[in-house]
Amino acid sequence: MSGLGRGGVSAGRDSKAMTSSAIVASGLRKAYGDRIVLDGIDLDVPAATVFSLLGPNGAGKTTTVNILTTLLRPDGGTARVAGHDIGGETRAVRAAIGVTGQFASVDDLLTGAENLRLMADLQHLGGRAGKRVVDELLARFDLGEAAGKRASTYSGGMRRKLDLAMTLVGRPRIIFLDEPTTGLDPRSRRTMWDIVRELVADGMTIFLTTQYLEEADQLADRIAVLDQGRLVAEGTAAELKRQVPGSHVRLRFADAGRLDSAARVLAGSTPDRDGLVLRVPGDGDVRSLRFLLDRLDEYSIDVEEFSVHTPDLDDVFLALTGHSSTEVTSA
Ligand SMILES: Nc1ncnc2c1ncn2[C@@H]1O[C@H](COP(=O)(O)OP(=O)(O)OP(=O)(O)O)[C@@H](O)[C@H]1O
Ligand SMILES: [Mg+2]
């Protein structure tokens with residue numbers, strides 16, 4: 001982490017304050033009793049980008065969101081959101097942001113349209129303007145048909161969409177999405193991703209937490225990896241992937257004899273005798289693959305299974321934290 005000053009963000013209400021950083025945080029700390037939950041978090045989120053805070057259960061993602069959205073006071077550190085101080089200017093911060101929490105804030109007893117209208121009323125959007133915003137959002141989120149049905153009858157994906165639509169009623173410039181796709185099936189997840197992409201294209205800034213590496217990879221301009229209250233890495237997906245050992249080809253053999261023969265003829269390879277797998281460094285391009293297979297052919301060594309492995313964010317997580325992203329580390 002470097003260069004995380006308040007560069008370029010002025011405290012003014014001028015929208016130009018948004019041209020550089022939408023969110024800047026420095027040294028955020030939070031503890032519950034003697035349990036340190038956030039241990040000095042620095043963030044810098046450029047406007048009109050997707051920033052993903054990636055971390056396993058209990059890493060401190062929701063705590064970070066709650067602090068940045070003024071729902072929770074930090075024990076230490078400072079942050080400015082949309083140019084406003086989260087400590088002294090909570091109203092201004094709240095006016096600029098929208099929050100879709102980890103647990104949906106949809107009212108089950110109301111219909112989709114009623115939930116949206118309630119938000120419009122809370123935003124003091126009077127009659128016609130309110131109705132227009134509600135209708136637009138229902139159409140945009142493909143909820144028109146379900147608009148008159150109670151939210152209790154909605155599927156998980158529909159609820160998430162309605163929840164996000166409710167967040168958008170106030171036309172926020174910055175949106176916080178806390179695990180927006182947890183529990184959704186692949187199709188609903190993709191719909192949500194498309195929506196996020198559209199919002200960013202419209203100039204919104206999205207602060208998104210996720211425990212899914214693929215989601216951060218798909219959506220985020222920048223990713224910060226949070227592990228037990230500390231940021232262990234920050235960068236683009238490509239930058240993070242560069243931090244782990246490179247690509248390799250995996251070859252599995254029927255027996256140890258073949259494995260050993262192959263290890264002898266393939267320079268730089270590492271055998272795993274338990275799994276009967278040979279790991280050969282290389283980026284898996286056609287030329288090197290052909291060379292590799294020709295070489296095995298030349299020595300009449302049969303291969304049972306063959307795969308090219310390029311590092312993904314899972315490897316990054318493992319390399320950075322020493323444990324996999326799915327392991328529960330605390331609680
Ligand atoms: N009000 C609280 N009192 C005590 N401990 C808390 C409180 N809120 C959160 N914690 C603890 O702080 C840690 C971080 O919690 P947080 O909810 O920020 O994690 P998270 O990254 O959002 O996890 P998840 O992926 O499960 O939502 C957890 O160990 C949690 O038990
Ligand atoms: Mg959470």
Inset, instruction - Within the stretch 187-202, identify whether any single residue is more than 16 Å from ligand 2 (Cβ to nearest atom), buried (at least 21 other Cβ atoms within 10 Å of the Cβ) and assigned to a strand (DSSP E or B), and answer yes or no. - result: no
Legend entry - Residue selected from the stretch 65-79 under the condition within 16 Å of Pro172 (Cβ to Cβ) and outside any loop (DSSP other than H, G, I, E, B), by the criterion nearest to the chain's Cα centre (by Cα): Val65
Legend entry - Residues (of a type in the set (D, E, K, R) and within 16 Å of ligand 2 (Cβ to nearest atom)) located in the stretch 203-229: Glu215, Asp227
Legend entry - Long-range neighbours under 8 Å by Cβ, at least six apart or interchain, first residue closer than 19 Å to Ala256 by Cα within the stretch 276-294, second assigned to a strand (DSSP E or B) and open to solvent by 90 Å² or more (accessible area, probe 1.4 Å): Val277/Arg250; Leu278/Arg250; Arg279/Arg250; Val280/Arg250
Inset, instruction - Give the stretch 70-82 a look and list any residue that's over 23 Å from Arg160 (Cα atoms) and open to solvent by 10 Å² or more (accessible area, probe 1.4 Å), or say none. - result: Leu72, Arg73, Pro74, Asp75, Gly76, Gly77, Thr78, Arg80
Legend entry - Residue list for the stretch 83-95, restricted to those being assigned to a helix (DSSP H, G or I) and open to solvent by 30 Å² or more (accessible area, probe 1.4 Å): Thr90, Arg91, Arg94, Ala95
Inset, instruction - Starting from residues that are under 20 Å from Gly77 (Cβ atoms) and of a type outside the set (Gly, Ala, Ser), keep the ones in the stretch 55-64 and report whichever is nearest to the chain's Cα centre (by Cα). - result: Lys61
Legend entry - Of residues in the stretch 96-118 being open to solvent by 40 Å² or more (accessible area, probe 1.4 Å) and modelled with pLDDT of 90 or more, the one nearest to Thr205 (Cα to Cα): Val99
Legend entry - Output for the stretch 111-148, where each listed residue is among the acidic types (Asp, Glu) and part of a loop (DSSP other than H, G, I, E, B): Asp142, Glu145
Legend entry - Hey, Thr111 free of Cβ contacts under 8 Å to residues at least 24 places away in the same chain, more than 16 Å from ligand 2 (Cβ to nearest atom) and of a type in the set (S, T, N, Q) or not: no
Inset, instruction - Determine if the stretch 259-270 includes at least one residue that is touching a residue at least 12 places away in the same chain (Cβ under 8 Å), of a type in the set (D, E, K, R) and exposed (fewer than 15 other Cβ atoms within 10 Å of the Cβ). - result: no
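The values are calculated or read from the model by the stated rules, or taken from the named source; none is laboratory data. These numbers were taken from a predicted model, which means no experiment stands behind them. Because the Cβ atoms are built from the backbone with ideal geometry, glycine has one as well, and the counts that use them run over all protein chains shown. With ligands, DNA and RNA removed, areas are computed over all heavy atoms of the protein, side chains included. Shrake-Rupley method; radii C 1.70, N 1.55, O 1.52, S 1.80 Å.
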